Amino acid sequence: MQILLENYIWLKWLHYLAFISWMAGLFYLPRLFVYHSENLENKGFVEVVKVQERKLFYYIQNPAMIVTVLTGLLMLLANSALLSTGGYMHAKLSFAFLLLVFHFSTLSFVKAFQNDTCKRGSKFFRIYNEIPTLLLIAIITMMILKPF
């Protein structure tokens with residue numbers, strides 16, 4: 001535990017870096033879903049987008065999510081007092097959980113598009129694309145303003 005406290009600022013640095021990378025994936029992957037769903041008849045384009053979706057999820061978004069979650073847990077382990085400083089941390093963790101749910105929902109769409117079985121249209125994905133933005137706003141609000 002002492003080593004975590006001694007390196008807390010580096011844990012926080014890595015957490016922020018991974019979170020930003022994760023959010024980049026969460027912002028862009030649904031946009032790829034929009035393009036994919038709008039261009040199903042263009043087989044060449046669809047094959048390129050399938051590669052982009054798969055690589056974005058498995059090589060950027062998923063590793064960034066894992067590092068974000070691990071460093072977040074390590075920071076809570078090092079400084080468990082964060083959980084008793086008010087409801088803002090509990091709210092932030094709740095929004096982070098929703099972000100995890102969203103993350104894994106993107107995986108289900110990646111798989112559906114890979115198998116050519118996705119039934120959702122571009123209008124759905126345009127709305128779906130806004131979810132990570134709303135969750136980011138909520139998380140940042142909790143962490144900066146600490147309203148509770």
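Examine segment 7-22 for a residue that is touching a His at 6+ places or on another chain (Cβ under 7 Å) and either of a type in the set (Ser, Thr, Tyr) or part of a helix (DSSP H, G or I) (or both), and state whether such a residue exists. I'd like the intermediate steps shown before the answer.
Initial filter on segment 7-22 (touching a His at 6+ places or on another chain (Cβ under 7 Å)): none.
No, segment 7-22 has no match at all.
Within segment 119-142, identify whether any single residue is farther than 19 Å from Phe27 by Cα and of a type in the set (Val, Ile, Thr), and answer yes or no.
To start, the set of residues in segment 119-142 that are farther than 19 Å from Phe27 by Cα comprises 119, 142.
After this cut, where a residue has to be of a type in the set (Val, Ile, Thr) as well, the list is none.
Looking through segment 119-142, none of the residues is farther than 19 Å from Phe27 by Cα and of a type in the set (Val, Ile, Thr).
Kindly provide the set of residues from segment 86-128 that are touching a residue at least 60 places away in the same chain (Cβ under 8 Å) and outside any helix (DSSP H, G or I), ordered by number.
Hits for segment 86-128 are Gly86, Cys118, Arg120, Gly121.
When the residues of segment 76-127 are narrowed to those that are small (Gly, Ala, Ser), out of contact with any Cys (no Cβ under 6 Å at 6 or more places or on another chain) and more than 24 Å from Pro147 (Cβ to Cβ), which ends up least open to solvent (accessible area, probe 1.4 Å)? Working first, answer last.
First, pick out the residues of segment 76-127 that are small (Gly, Ala, Ser): 78, 80-81, 84, 86-87, 91, 94, 96, 105, 108, 112, 121-122.
The next check asks that each one be out of contact with any Cys (no Cβ under 6 Å at 6 or more places or on another chain); those that pass are 78, 80-81, 84, 86-87, 91, 94, 96, 105, 108, 121-122.
Among the residues that remain, those that are also more than 24 Å from Pro147 (Cβ to Cβ) are: 78, 105, 108, 121-122.
Values: Ala78: 12, Ser105: 32, Ser108: 63, Gly121: 36, Ser122: 30 Å².
Filtering segment 76-127 for residues that are small (Gly, Ala, Ser), out of contact with any Cys (no Cβ under 6 Å at 6 or more places or on another chain) and more than 24 Å from Pro147 (Cβ to Cβ), the one least open to solvent (accessible area, probe 1.4 Å) comes out as Ala78.
Among the candidates Leu26, Leu73, Leu56, Leu40, single out the residue that is open to solvent by 30 Å² or more (accessible area, probe 1.4 Å) and under 20 Å from the mean Cα position of the chain (by Cα). Step through it out loud before you land on a result.
Working: Leu26 fails: open to solvent by 30 Å² or more (accessible area, probe 1.4 Å); Leu56 fails: open to solvent by 30 Å² or more (accessible area, probe 1.4 Å); Leu40 fails: under 20 Å from the mean Cα position of the chain (by Cα).
Within the list Leu26, Leu73, Leu56, Leu40, the selection yields Leu73.
The values are calculated or read from the model by the stated rules, or taken from the named source; none is laboratory data. The structure displayed is predicted, hence computed values, not measured ones. Every residue, glycine among them, receives a Cβ derived from its backbone with ideal geometry; neighbour counts consider all protein chains shown. Only protein heavy atoms, including side chains, enter the accessible area calculation; ligands, DNA and RNA are left aside. Shrake-Rupley method; radii C 1.70, N 1.55, O 1.52, S 1.80 Å.
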